[in-house]
Amino acid sequence: MKKLKTLTLALTVLLVVACGSEEKKETGIAIIPAENFQKNINGKEIELLTIKNSNGLTAQITNYGARVVSLWVPDKNGNFIDVVQGQNTIDGYLNAFEKFYGATVGRYANRIADGKFTIDGEEYQVDINDGKNHLHGGTNGFFHVVWNAEQVSDNTVKLTYLSVDGEEGYPGNLNVTLNYILDDDNTLRVTYEAETDKATIVNLSHHSYFNLSGAGKPTINDHMLKIYASNFTPTDSTLIPTGEIWSVFETPMDFTEFHAIGERVKEDYEPLIIAGGYDHNWVLDQEEGIKMAAEVYSPESGIYMTVYTDEPGIQFYGGNFINGTDRTKDGNGTHGFRSAFSLETQNFPDAPNHENFPSAVLRPGEKYERVCYYSFSLKK
C-alpha cells in the first residue's frame, strides 16, 4: 500500500531506543510481560507479541481476539503514553465487563436484526447476544477466539483464523488473515483478507477503545472530532438501522467540522436519546478507495489521530456503556463512563437486511480485502 505521508502531519521524535529496563527508562514505555498472557484456551496457547517502528511507537498484540493490548505514542511533551484501554493480563480480558477492548470483531461487526439474514433465498439464524439481536459476531465471535499468530518482523504481526462452516450460525468455511503493521510514518495499519467456500456475509472491524490523553484518563468529552460524512443511519430502540439515511446537518450528529465530543451529546435529539449518546454509523462521503474517514485530537496531550479506510461507513461509539467495572492497566483506577471512544471502519450495521445498504455477501472465488489505518502525529 502506498504510504500516506502526504496526508499525515509531520512528527519528529528524539529518542534513544534500547531494550529491557533501559527501554522503560528512556521512553516511558511500560512493556507488559509476555508471561502475563501465558494461558491455554481450548488447546491453543495465548501469546503477547510486541511490535515497534523506527520512531519508537510500540504496540502489543495478543492472539486472543486479535487484540491491540497497548499502543504507545508520544505526546506534545515528548512523553510516550498508552492511548488504548485494555487489560494487562489474559485473565483480565477473560473476566472484563467490556468484551471488545482492542479486538477484531466479526464475522459481522455491529448488529444484525433478530440474528437473521437471507442469501440466495436461504435464511440463516446466527447467535443472539445483544437483546434480541446479533452483535459483533456473537457470543463466541472473533473477539473471543484464539488466532494463529506470527511475528513477521519487528513492526508486523500476522494473524490467521479459520471460522468453520456453521460457527455462530454463519455459512461457509471462512479463512481470515489479519495484519497489524506499525509503519515508520507513525501509522498502525490494519489489513483484512478473507475467502469462503460458500456464500456468506463478512464485515470485519477493529474495536480499540481510544483515549488520546492516556488510557487511564477519565473522559474523552474534551477530544475534538471531525468525521468526513454528511449522512448517518438512524436506528430503532434496539440500535438496528431503520434503513433510512439522514443528513447530519443542523443536528448534533454533524462532525463535518471539529466539535468537542461532549459538546452536544446531551442535546434533546431522538437518535442520541435512543442510543444514550453517540453510537451510530456515519455514511462516508467518498464511496470508493482509501480515504480520510475521521480526525480526532486531545487538547491535553496534543496527540492527533487520523483514520483512513476503504469501507463505506464508520461507527463512532462514545463509551456510553463503559461503567467503571474494569480496572485500568496500571491498576490505579477504573474505566469510567465515556472515558474512551471507538472509531470502527465498517460496512453498515444490518446491511444484509437492507437492499439500499452496501452488500456484505462474499462468494466462493471472491476475496474480501479491507483496510483501516490509524495515523498519529501532533496537533499544530
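Quick notes on this structure:
- When segment 279-299 is filtered for residues that are surrounded by 16 or more Cβ atoms within 10 Å (Cβ to Cβ) and under 26 Å from Lys217 (Cβ atoms), the ones remaining, listed by number, are Asp279, His280, Trp282, Met292, Ala293, Ala294, Glu295, Val296, Tyr297, Ser298.
- In segment 316-351, residue nearest to Gly214 (Cα to Cα) [restricted to those that are among the β-branched types (Val, Ile, Thr) and touching a residue at least 12 places away in the same chain (Cβ under 8 Å)]: Thr328
This table checks each residue for (1) closer than 17 Å to Val105 by Cβ; (2) under 18 Å from the mean Cα position of the chain (by Cα).
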site	(1), (2)
Asp130	yes, no
Phe143	yes, yes
Asn155	no, no
Leu159	yes, yes
Gly166	no, no
Pro171	no, no
Leu174	yes, no
Tyr192	yes, yes
Thr196	no, no
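- Selected residue (criterion: nearest to the chain's Cα centre (by Cα)) from residues of segment 324-355 that are assigned to a loop (DSSP other than H, G, I, E, B) and of a type in the set (S, T, N, Q): Asn347
- In segment 234-278, the residues that are closer than 16 Å to Asn320 by Cα, surrounded by 15 or more Cβ atoms within 10 Å (Cβ to Cβ) and of a type in the set (A, V, I, L, M, F, W, C): Leu239, Met253, Ile261, Val265, Leu272, Ile274, Ala275
- Note on segment 143-169: residues that are touching a Phe, Trp or Tyr at 6+ places or on another chain (Cβ under 7 Å) and either more than 29 Å from Phe37 (Cβ to Cβ) or part of a helix (DSSP H, G or I) (or both) amount to 2.
- Subset of segment 320-354 that is of a type in the set (Asp, Glu) and more than 18 Å from Thr200 (Cβ to Cβ) - its residue that is surrounded by the most Cβ atoms within 10 Å (Cβ to Cβ): Glu344
- Condition check for Ile51: among the hydrophobic types (A, V, I, L, M, F, W, C), over 20 Å from Thr328 (Cα atoms) and modelled with pLDDT of 95 or more: yes
- Matching option when the condition is out of contact with any Leu (no Cβ under 7 Å at 6 or more places or on another chain) and in a strand (DSSP E or B), among Leu239, Leu225, Leu272, Leu212: Leu225
- Among residues of segment 203-229, those that are in contact with a Lys or Arg (Cβ under 6 Å, 6 or more places away or on another chain) and under 30 Å from Arg363 (Cβ atoms), counted: 0
- Condition met for Glu311 (on the phi < 0 side of the Ramachandran plot, in contact (Cβ under 8 Å) with a residue 12 or more places away in the chain, assigned to a loop (DSSP other than H, G, I, E, B) and out of contact with any strand residue (DSSP E or B) (no Cβ under 9 Å at 6 or more places or on another chain)): no
The values are calculated or read from the model by the stated rules, or taken from the named source; none is laboratory data. For clarity, every value in this text was computed on a predicted model and none was experimentally measured. Cβ: placed from backbone, ideal geometry, glycine included. Neighbour counts: every protein chain shown.
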